[in-house]
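Accompanying notes for the structure given below.
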Amino acid sequence: MNNYCYKYPRPAVTADCVVITREAAPQVLLIERGNNPYKGYWAFPGGFMEMDETIEQCAIRELKEETGMAVDNGIQIGCYSKIDRDPRGRTLTVAFLIIIDKPVKVEGFDDAAKAAWFPISSLPKLAFDHDDIIADALKKYHEVK
């Protein structure tokens with residue numbers, strides 16, 4: 001690998017997973033953040049991309065690390081890049097939709113204090129810009145379910 005010196009700043013890249021059930025009253029999987037920022041808030045499982053993985057691999061890895069749930073793939077919802085979306089610094093996220101038939105057993109692992117299923121109709125206050133992500137995820141969900 002060549003070493004380059006960039007005069008341009010490089011943002012951090014993350015992936016988030018929006019896991020929704022196909023039930024008559026759909027549920028979504030959330031994790032309670034165990035660390036700041038937003039410690040104690042609920043969010044989608046996700047995290048920072050490693051240098052040796054794709055964004056899709058990052059999403060799958062983070063979902064398993066934080067909840068114990070293993071999947072093979074997801075449907076890309078979009079890329080979220082508001083300048084102030086993460087107080088730790090300039091961070092972009094690519095969000096993925098994963099649709100499953102019904103809730104599976106999950107636990108909070110890694111930096112997730114808890115993992116739990118919530119009815120789409122009554123979500124708690126979400127961290128970061130996850131309100132924007134869930135709105136787009138629900139549109140995608142209704143297109144593909």
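The values are calculated or read from the model by the stated rules, or taken from the named source; none is laboratory data. Source: prediction; values computed, not measured. Reconstructed Cβ throughout: ideal geometry from the backbone, glycine too, with neighbour counts over all protein chains shown. Keep in mind that these areas ignore ligands, DNA and RNA; they rest on the heavy atoms of the full protein, side chains included. Shrake-Rupley method; radii C 1.70, N 1.55, O 1.52, S 1.80 Å.
Would segment 49-64 turn up any residue that is within 21 Å of Ala137 (Cβ to Cβ) and touching a Ser or Thr at 6+ places or on another chain (Cβ under 7 Å)? Yes, because at least one residue in segment 49-64 is within 21 Å of Ala137 (Cβ to Cβ) and touching a Ser or Thr at 6+ places or on another chain (Cβ under 7 Å).
Taking the criterion of being open to solvent by 30 Å² or more (accessible area, probe 1.4 Å) and aromatic (Phe, Trp, Tyr), the residues of segment 78-123 that qualify are Phe109, Trp117, Phe118.
What about Val19, is it over 12 Å from the mean Cα position of the chain (by Cα), open to solvent by less than 30 Å² (accessible area, probe 1.4 Å) and within 20 Å of Ala115 (Cα to Cα)? Here the answer is no, as Val19 does not meet what is asked. Taking the conditions (1) over 26 Å from Glu143 (Cβ atoms); (2) touching a residue at least 40 places away in the same chain (Cβ under 8 Å) in turn, Thr21 satisfies each one other than (1).
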